[in-house]
Amino acid sequence: MANPRIPYRLSGDRPALPAFNGKRIIVHLVVNVEHWVFGESMPRTIITPPHGRETTPDVPNFSWADYGMRAGMTRILSLFRDRGLPASTSINAGVIDAYAPAAEAMLKAGWEFIGHGVHQKAINHAGAEAELLELALTKIEAFTGSRPRGWLSPGLRESFDTPDLLKQLGVEYVCDWVVDDLPTWMETKHGPLIAMPYNLEVNDSIVYAIERHASGQMADRLERTLRLFERECATSPRVLAIGLHPHLIGVPHRFAELERMIDLLSASPDVAFATGSQIADWYLAAEPA
């Protein structure tokens, strides 16, 4: 197979799936909540270092993320609470200690906790991968009272063994394999695992931190995506995952854009909002492994 985990098929050849609670576009709001370790190189930067020489501590770039955890998180939590929206957080387990009030607020809000490593560092570079995955899942389980069903790797980076290890540790779906607009089954040594749709195009990290577009581009992409999905969902449902980061979409000059995106989605008669586990349960019932 070209893809070693997911057998190839044209999306149009898939059996039609049923509606989700009467709706045919399922929106998954995924807030990536990260712990950037102060004394280490920052996983991403907004300010390049003078003379091109990276230094630690990296105060401006650390502060960029830390601002998001203070001000950006407050805005996102308030917006989703006021609109009554379900959400998932792909959370570095280190957030539970480093940003305890934010972790408590997400738990109180009823957000689903998805495993996202311990700190914001690619797991294929961190060493002792099995131990790291277990630590992340166990720490979240101890905090929330339930083991995470889903996983999103930092930077979506995996080793060759990651899906096998995740399945062995009890994870039911993973968001790293962005291959379709619907969930699909992937193969592991320990049984089938759901590849959950995520989004590399309607994602504030891609749009603003990597491609560095002007504010407004993400909402434009979302509207274009939604209009196509509204046509296509007459044949089969679509999952529209939206990746959000507090230090990107939560800043003052972009936050109104998030509000506009929520308004746009809420106005569509085809849209339902759901957590990752709700989507996984719907898919499992419709297309068993």
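Compute the FRET efficiency between Tyr8 and Phe160 as 1/(1 + (r/R0)^6), taking r as their Cβ-Cβ distance and R0 = 25 Å, and round to the nearest 0.05. Intermediate results must be reported in sequence, preceding the final value.
Working: r = 19 Å, r/R0 = 0.77.
Computed FRET efficiency for Tyr8 and Phe160 comes out at 0.85.
What GluC sites (Glu not before Pro) does region 21-124 have in DSSP loop regions with at most 16 other beta carbons within 10 Å?
Values: sites: Glu34, Glu40, Glu54, Glu104, Glu112; in loops: Glu34, Glu40, Glu54.
Here the sparse-neighbourhood loop sites are Glu40, Glu54.
Among DSSP beta bridges lying fully in the chain, give the percent that are antiparallel, nearest 5. The partial results should precede the final answer.
Numbers: 4 of 28 bridges.
In the chain, DSSP labels about 15 percent of beta bridges as antiparallel.
Over the chain, what is the relative contact order in whole percent, taking alpha-carbon pairs under 8 Å and six or more residues apart?
Numbers: 496 pairs, mean separation 79.3, N = 289.
Result for the chain is 27 percent.
What whole number of Å gives the distance from the Cα centroid of region 214-261 to the Cα centroid of region 69-138?
21
Loop-only trypsin sites (Lys or Arg not before Pro) in region 125-167, please: DSSP not H, G, I, E or B, and at most 15 other Cβ atoms within 10 Å. Spell out each step's value before the answer.
Numbers: sites: Lys139, Arg149, Arg157, Lys167; in loops: Arg149, Arg157.
Loop-located and lightly packed - Arg157.
Is the chain rounded, prolate or oblate when judged by the Cα gyration tensor, a ≥ b ≥ c being the square roots of its eigenvalues, rounded requiring a/c under 1.5 and prolate requiring a/b larger than b/c? Show your work: numbers first, answer last.
Details: a/c = 1.57, a/b = 1.19, b/c = 1.31.
Taking the square roots of the gyration eigenvalues as a ≥ b ≥ c, the chain is oblate.
Could you work out the relative contact order of region 100-186? I mean the mean sequence separation of Cα pairs under 8 Å and 6+ apart, divided by the number of residues, in percent. Display every interim value, and only then the final one.
Numbers: 87 pairs, mean separation 25.9, N = 87.
Here the relative contact order equals 30 percent.
Between Glu40 and Asp180, what length comes free when the chain is fully extended (0.36 nm per residue of separation minus the Cα-Cα distance, one decimal in nm)?
Working: separation 140, 0.36 × 140 = 50.40 nm, distance 3.52 nm.
So the extension gain works out to 46.9 nm.
Label-point separation (nm) for Ala285 and Ala214, each offset 7 Å from Cα along Cα-to-Cβ?
4.6
Sort the following peptides by mean Cβ neighbour count (other Cβ atoms within 10 Å, averaged over residues), highest first: 271-279, 177-185.
So the peptides 271-279, 177-185, ranked by packing, come out 271-279, 177-185.
With a ≥ b ≥ c taken as the square roots of the eigenvalues of the C-alpha gyration tensor of region 144-223, please select rounded if a/c is under 1.5 and otherwise prolate if a/b is larger than b/c or oblate if it is not?
Numbers: a/c = 2.36, a/b = 2.22, b/c = 1.06.
Prolate.
Using a Förster radius of 22 Å, what is the FRET efficiency between Arg231 and Ala256 based on their Cβ-Cβ separation? Nearest 0.05, please. Write down the numbers at each step before the final one.
Working: r = 28 Å, r/R0 = 1.26.
Here the calculated transfer efficiency is 0.20.
With an 8 Å Cα cut-off and a minimum separation of 6 or more residues, compute the relative contact order for region 112-264 in percent. Present the calculation step by step, with values, prior to reporting the outcome.
Values: 215 pairs, mean separation 26.1, N = 153.
With pairs under 8 Å counted, the relative contact order is 17 percent.
What spacing in nm lies between the two simple spin-label points modelled at Arg53 and Ser266, each 7 Å away from Cα in the Cβ direction?
5.2
For a quick protection proxy, order the peptides 207-214, 239-246 by their average other-Cβ count within 10 Å, most packed first. Numbers along the way, then the final one.
On the way: 207-214: 14.5, 239-246: 23.6.
Those peptides, ordered most packed to least, come out 239-246, 207-214.
Classify region 35-173 as rounded, prolate or oblate from the Cα gyration tensor: take a ≥ b ≥ c as the square roots of its eigenvalues, call it rounded if a/c is under 1.5, otherwise prolate when a/b beats b/c and oblate if not. Intermediate values should be presented prior to the final figure.
Numbers: a/c = 2.16, a/b = 1.12, b/c = 1.92.
Oblate.
FYI, it's all coordinate maths here, none of it is from the lab. Please read all numbers here as calculations on a predicted model, not as lab measurements. We place every Cβ from the backbone using ideal geometry, glycine too, and count neighbours over all the protein chains shown.
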